[in-house]
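Input: a single structure, listed below in structure tokens.
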Amino acid sequence: MKIREILSKGEPTLSFEVFPPKTEDKYESVEHAVLEIARLKPAFMSVTYGAGGGTSRYTVDIAATVQAQGVTPLAHLTCVSSTREKVVSVLEELKARGIENVLALRGDIPVGGQVEKDFHYASELIREIRKIGDFCIGAACYPEGHVESVDKAQDIQHLKEKVEAGCDFVTTQMFFDNNILYNYLYRVREAGVTVPVIAGIMPVTNKAQIKRICSMSGTYLPARFKAIVDRFGDNPAAMKQAGIAYAAEQIIDLIANGVNGIHIYSMNKPDVAARIQESLSEILC
Ligand code: FAD
């Protein structure tokens, strides 16, 4: 099923992100986690794409596994470190396996700046995907601005270019303060972007994760969130419980304010995915 059809029903949806293994020896354990998460029957599951494309086969295989469980898959695809030939071959493979949804991404510029010349931005990839098949296309967006963008206004203009190129929905980078999303939504709608915006939520379940998030994306951490980390960061079980509760509270507020699409960065953790789903059992039905 195409994700735009799922979203068009205008009802709250919960979806999960998983990542494929980096090496063959980890395949089985990742597949096991993916099957556990698929058992929760989310609205869809997205499968990330390794920067550089070296593990693209795993993304396609895991997406096909999701599909085989009767859950709609969304395969991520990055372009900046790939040739057109490579991108086309992955898309042909997705088509052959009946996978209809692609999240079109530029990908991070590798350290050292070595990139291929065929694609510079995600909007170019979206145009390529449109040429190749009848895919439903998603793209990334950044409520706090993309790290490389000059300012938020320009970032939103570039988002608009992705929509004009043919993307059907966008999924946000994680955020921990819903007001940031509400402000962003106001600005993107004002700029004329009308496609559904899916909120990306990260349940933070350990202290190390927070350090990584801050060093990678400079995401704003509200005082309320910092207090939780200060109080429970050294108690793994308590931190996990508090992190899940924080994410669930964020989601309830989002749904109450009309943000229907919720995507969980579930980090291949079936127990976290299940606990989030459980905490919304009466809200999602
Ligand atoms: P783009 O939309 O191309 O934007 C990149 C930068 O270029 C932005 O600053 C934008 O403002 C600017 N820009 C865009 N168009 C132009 C233009 N015409 N002229 C000048 N500047 C322009 N990474 C992975 O490697 N694998 C994944 O699976 C993956 N999944 C992700 C899922 C989500 C939901 C999100 C939010 C991110 C994901 N990423 C993933 C990370 C993503 O690849 C990086 O954030 C990357 O740096 C930007 O990708 P993009 O598609 O947003 O790029």
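How much length is gained on full extension from Lys26 to Ala223, taking 0.36 nm per residue of separation minus their Cα-Cα distance?
Length gained between Lys26 and Ala223: 67.2 nm.
Ignoring everything except DSSP H segments at least 4 long, calculate the 222 nm mean residue ellipticity for the chain; use -39,500 (n - 2.57) per segment, divide by total residues, nearest 500.
Here the helix-only value at 222 nm equals -14500 deg cm²/dmol.
Could you please tell me the mean projected area of the C-alpha convex hull for the range 241-285, averaged over all directions and given in square nanometres to one decimal?
Average of the hull's projected areas for the range 241-285 equals 3.1 nm².
Sorted by average packing, counted as other Cβ atoms within 10 angstrom per residue and highest first, what order do 45-51, 166-172, 189-195 take?
Peptide ranking by packing, descending: 45-51, 166-172, 189-195.
Taking a cut-off of 21 Å between Cα atoms, list the lysines near Lys152, but don't count ones fewer than 8 places away on the same chain.
Lys160, Lys162
Calculate, in whole percent, how much of the Cα-Cα pair population of the chain lies beyond 23 Å.
53
Counting pairs of alpha carbon atoms under 8 Å apart in space and at least six apart in sequence, what relative contact order in percent does the chain give?
20
Students often get this wrong, so check it: of Lys22/Lys117; Lys41/Lys207; Lys22/Lys207; Lys26/Lys207; Lys22/Lys240; Lys240/Lys269, which have C-alpha atoms separated by over 19 Å?
In this structure, Lys22/Lys117; Lys41/Lys207; Lys22/Lys207; Lys26/Lys207; Lys22/Lys240 lie more than 19 Å apart at Cα.
What is the sum of charges, Lys and Arg at +1 and Asp and Glu at -1, for the other residues whose Cβ falls under 12 Å from the Cβ of Phe44?
Once all neighbours under 12 Å are counted, the net charge is 0.
For a quick protection proxy, order the peptides 227-238, 108-119, 1-12 by their average other-Cβ count within 10 Å, most packed first.
On the way: 227-238: 13.8, 108-119: 12.2, 1-12: 15.8.
Going from most to least packed, we get 1-12, 227-238, 108-119.
Given the C-alpha centroids of the range 263-283 and the range 166-232, what is the distance between them in whole angstrom?
17
How much net charge surrounds Pro222 when only the other residues with a Cβ under 13 Å from the Cβ of Pro222 are counted, with Lys and Arg +1 and Asp and Glu -1?
On the way: positive: Arg224, Lys226; negative: Glu144, Asp177, Asp230, Glu249, Asp253.
Surrounding charge for Pro222 is -3.
Expected output is a single nm value to one decimal: the length gained when fully extending between Ile109 and Glu5, i.e. 0.36 nm times separation in residues minus the C-alpha distance. What is it?
On the way: separation 104, 0.36 × 104 = 37.44 nm, distance 3.27 nm.
Length difference between fully extended and current span is 34.2 nm.
If you project the alpha carbons of the range 1-116 onto their three principal axes, what span does each projection cover, largest first, in Å?
43, 34, 26
Check Cys141: other-chain or 5+ apart residues with amide H under 5 Å from its amide H, H built from backbone geometry?
Thr171, Thr172, Gln173
Whose amide H sits under 5 Å from the amide H of Ser46, counting only residues 5 or more places off or on another chain, with H placed in the peptide plane?
Phe16, Glu17, Val18, Leu74
Once Lys and Arg get +1 and Asp and Glu get -1 on their Cβ, which of Val18, Ile262, Asn235 lies farthest toward the positive end of the dipole of the chain?
Asn235
Arranged from highest to lowest average of other beta-carbon atoms within 10 Å per residue, in what order do the peptides 126-134, 176-184 appear?
Ranking, from highest mean packing down: 176-184, 126-134.
Who wins for biggest fluctuation among Leu77, Leu221, Leu105 in a Gaussian network model of the chain, springs between alpha carbons below 10 Å?
In the Gaussian network model the winner is Leu221.
Out of the range 131-163, which GluC sites (Glu not before Pro) are coil in DSSP terms and have no more than 13 other C-beta atoms within 10 Å?
When the GluC sites (Glu not before Pro) of the range 131-163 are filtered for loop state and at most 13 Cβ neighbours within 10 Å, Glu148 remain.
How big is the C-alpha Rg of the range 172-262 next to the rule-of-thumb value 2.2 N^0.38 Å, as a ratio? Display every interim value, and only then the final one.
Details: Rg = 14.0 Å, N = 91, 2.2 N^0.38 = 12.2 Å.
Against the empirical 2.2 N^0.38 Å value, I get 1.15 for the range 172-262.
No value in this document is a laboratory result; all are computed from the given coordinates. No experiment lies behind these values; they were computed from the predicted model shown. Backbone-built Cβ (ideal geometry, glycine too); neighbour counts: all protein chains shown.
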